[in-house]
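In what follows, a single structure is set out as structure tokens and then discussed.
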Amino acid sequence: MKFGYFCNTTNWDHKPYNQLLNETKEITTYCDENNWDSIWYTEHHFNHEGMESCTNPLMMGVDAAARTKQIRIGQACNVITFHNPIRLAEDIALLDQLSGGRVDVGIGRGIYGREAINMNKEADLKDQAKNFRLFEESLTIMKKAWTEEFFSHKGEFYTYPSPNFTWQHDMSPPSEKFLDTATNEIKKISVVPKPKQEPHPPIWQVVD
């Protein structure tokens with residue numbers, strides 16, 4: 001049996017935010033030193049009421065990676081419909097490298113309409129079918145970014161690389177892997193770094 005700590009960072013008493021962070025750091029260090037298997041940070045926005053007060057579980061994970069040695073570092077969750085999927089894939093891969101391959105990737109669609117409509121109008125929870133499509137497409141792109149040396153994507157919400165963009169740069173030798181060498185139009189792109197864990201960190205989907 002494995003035990004993980006759900007670090008919800010509630011702040012009902014509206015204590016100074018640096019105090020909240022210091023308490024979270026203490027929890028993280030304690031869990032690592034006492035052989036907890038994992039710790040999970042949340043993503044929520046605009047919660048002035050004091051509910052979940054952590055906006056970026058990946059930044060919390062970077063801090064955790066620097067102060068721990070063995071605990072696995074998770075997000076509960078990354079609301080992937082709120083984010084550019086390539087940027088999110090890059091950030092997760094970088095955290096996986098920084099932590100020595102200790103990342104678990106939690107993903108979800110979001111549960112609060114106030115967050116969704118203000119973070120990404122395409123994620124508006126009033127249109128659940130569209131939100132599901134955005135979620136699936138975002139996850140598809142993230143997996144491509146992690147597992148393919150160069151990739152392309154054309155979907156309902158995102159097209160990569162941007163069409164009709166020509167690229168000539170002295171530090172970028174032309175290659176058929178990513179370029180139409182006759183026209184210099186970029187046909188594929190590559191995300192750097194790739195995750196340390198292959199083909200990518202474990203993915204856990206929050207049911208919502």
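The values are calculated or read from the model by the stated rules, or taken from the named source; none is laboratory data. Quantities reported herein were computed from a predicted structural model and do not represent experimental measurements. Here the Cβ is made from the backbone with ideal geometry for all residues, glycine too, and neighbour counts use every protein chain on show. Ligands, DNA and RNA are excluded from the accessible area calculation, which covers all protein heavy atoms including side chains. Shrake-Rupley method; radii C 1.70, N 1.55, O 1.52, S 1.80 Å.
So here's what we get for this one:
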| quantity | calculated |
| --- | --- |
| Point-charge dipole on Cβ atoms (K/R +1, D/E -1) for segment 1-157, about Cα centre, debye to 20 | 180 |
| Accessible-area order (highest first, 1.4 angstrom probe) of the listed residues H14, H200 | H14, H200 |
| Listed residues E148, E198, E156 arranged by accessible area, highest first, probe 1.4 Å | E198, E156, E148 |
| Angstrom value of the Kirkwood radius, inverse mean 1/r, which spans all Cα pairs in segment 87-172 | 15.2 |
| Cβ-Cβ FRET estimate between S162 and A129, R0 fixed at 30 Å, reported to 0.05 | 0.65 |
| Enclosed volume per residue, in Å³, of the convex hull spanned by Cα atoms of segment 61-136 | 87 |
| Accessible surface of segment 1-142 [probe 1.4 Å, protein heavy atoms]: carbon and sulfur percent | 54 |
| Pairwise centroid distance, computed over Cα atoms, of segment 1-80 with segment 131-208, Å | 30 |
| More than 17 angstrom apart: percent of Cα pairs within segment 1-90 | 49 |
| Efficiency of FRET between Q70 and Q97 - r from beta-carbon atoms, R0 22 angstrom, step 0.05 | 0.85 |
| Signed unit charges on C-beta, dipole axis of segment 1-121, positive-most listed residue Y41, L88, C54 | L88 |
| Mean residue ellipticity (222 nm) of the chain, computed from DSSP H runs ≥ 4 via -39,500 (n - 2.57), nearest 500 | -10500 deg cm²/dmol |
| Restricting segment 125-208 to trypsin sites (Lys or Arg not before Pro) in coil, as DSSP defines it, with at most 10 other Cβ within 10 Å | K126, K177 |
